[in-house]
Amino acid sequence: MTETATSGANVKRALDHKVLDGRIIGQEIREAVAREAAELTAVGWPPRLISIVVGDTDAALIYIRNQQRVAEKLGIAFEQRVYPAETTREEMLAAIAALNADPRVTGIIIQRPVPSHLSIKELQSAVHPMKDVEGMHPSSIGNIVYNDLVMGPCTSVAAVEMLKYTGLRLEGLEVVVIGHSEIVGKPIAFLLMSEGATVTVCHHMTRNLQVHSRQADAVFVAVGKPGLVTGAMIKPGAAVIDIGINQIDLPDGSSKVVGDADYESCYEVAGWITPVPGGVGPVTVSILLRNLVTAAKLQKAHYESAFQGGFAPCAPAAAPIH
């Protein structure tokens, strides 16, 4: 059996069970990324991801480790750049501008959170759209409205990918999104609408949340409140895509990571459910690296067009993106 066939079989096994295993689903995406990264490297365009951390790295440490581990496994260069917490706005914007102009850098990710004197929105907006592998530049977010998903927001795209793997027909599907953040909830709603789903977005001001969620064929939740969604709030057979990541303390003094859905009670009712950890998270990293390969392709095409056929593999070292 070929590697691709093996991957397909693994994904089928993952979906034969109601638990949507992000590690298996993400593997299929990563195999394609590895092949494309190797092809780009062979012609002188090796994908390279720069991770920017400002101040304390503890909150983002688990994400950074996962990103670096997966990237290096796929033959993708990953570099972490850590800036002191007191780095000024002007210094950060200058650092991002330098990375934008460096043709050896194909992707930039800004790890959250950033110190309070910095605006994550401003920093993200400063990243060149062709290097915005997070899909969080205003132009990348705005493109979703026009159904342009070249490099969509990683977490949102990953969550919708998980729903697609259930085999449910998205056209006309009744979906409830709980959480309306700019980086997850709202993009998910637009992505689903572009697929023809009927979407209701709920948030902290929504009255009778259970009334909405019980009518849905699929429920997405991303609010940062452990156990918010229970089995009593889910229609039997519905898909539950849990994007929340929360650390809770246990009576014995230890802690564990859980989602926004009460897994045990939702498992009994749902037709499909994503675990936390091991659900949307691994697929998000896979989408991030898929975006990186897409970014490298876009930049390669940009330079080849600029050089009008006079392109050579070493050319990226000479010309920045403007």
Test: residue 235 is of a type in the set (Lys, Arg), assigned by TED's automatic domain parsing to the domain that holds residue 165 and within 23 Å of the chain's Cα centre (by Cα): no
Residue, nearest to residue 163 (Cα to Cα), within the range 251-271, restricted to residues that are among the hydrophobic types (A, V, I, L, M, F, W, C) and buried (at least 19 other Cβ atoms within 10 Å of the Cβ): 270
The range 124-167: number of residues that are part of a loop (DSSP other than H, G, I, E, B) and of a type in the set (D, E, K, R): 2
Residues of the range 258-274 that turn out to be touching a residue at least 60 places away in the same chain (Cβ under 8 Å) and among the polar types (S, T, N, Q), as a count: 1
So residue 31, is it within 27 Å of residue 257 (Cβ to Cβ), at pLDDT 95 or above and either surrounded by fewer than 16 Cβ atoms within 10 Å (Cβ to Cβ) or among the acidic types (Asp, Glu) (or both): yes
Selection status of residue 248, surrounded by 23 or more Cβ atoms within 10 Å (Cβ to Cβ), touching a Ser or Thr at 6+ places or on another chain (Cβ under 8 Å) and either among the polar types (S, T, N, Q) or in the same structural domain as residue 164 (by TED's automatic domain parsing) (or both): no
Verdict on residue 152 being in contact (Cβ under 8 Å) with a residue 24 or more places away in the chain and surrounded by 20 or more Cβ atoms within 10 Å (Cβ to Cβ): yes
Answer from 110, 144, 96, 120 - the residue that is of a type outside the set (Gly, Ala, Ser), touching a Phe, Trp or Tyr at 6+ places or on another chain (Cβ under 7 Å) and farther than 14 Å from residue 291 by Cα: 144
Output for the range 252-267, where each listed residue is assigned to a loop (DSSP other than H, G, I, E, B) and within 24 Å of residue 204 (Cα to Cα): 259, 260, 262
Selection within the range 193-251 - in contact (Cβ under 8 Å) with a residue 12 or more places away in the chain, within 20 Å of residue 158 (Cα to Cα) and assigned to a helix (DSSP H, G or I): 194
Residue within the range 268-287 that is in contact with a strand residue (DSSP E or B) (Cβ under 7 Å, 6 or more places away or on another chain), farther than 26 Å from residue 170 by Cα, assigned to a loop (DSSP other than H, G, I, E, B) and modelled with pLDDT of 95 or more present: no
Selection count where residues are in contact with a Leu (Cβ under 7 Å, 6 or more places away or on another chain) and under 16 Å from residue 279 (Cβ atoms), scope the range 179-232: 2
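The values are calculated or read from the model by the stated rules, or taken from the named source; none is laboratory data. These numbers were taken from a predicted model, which means no experiment stands behind them. Neighbour counts are summed over all protein chains in view; Cβ atoms, including those assigned to glycine, are modelled from backbone coordinates with ideal geometry.
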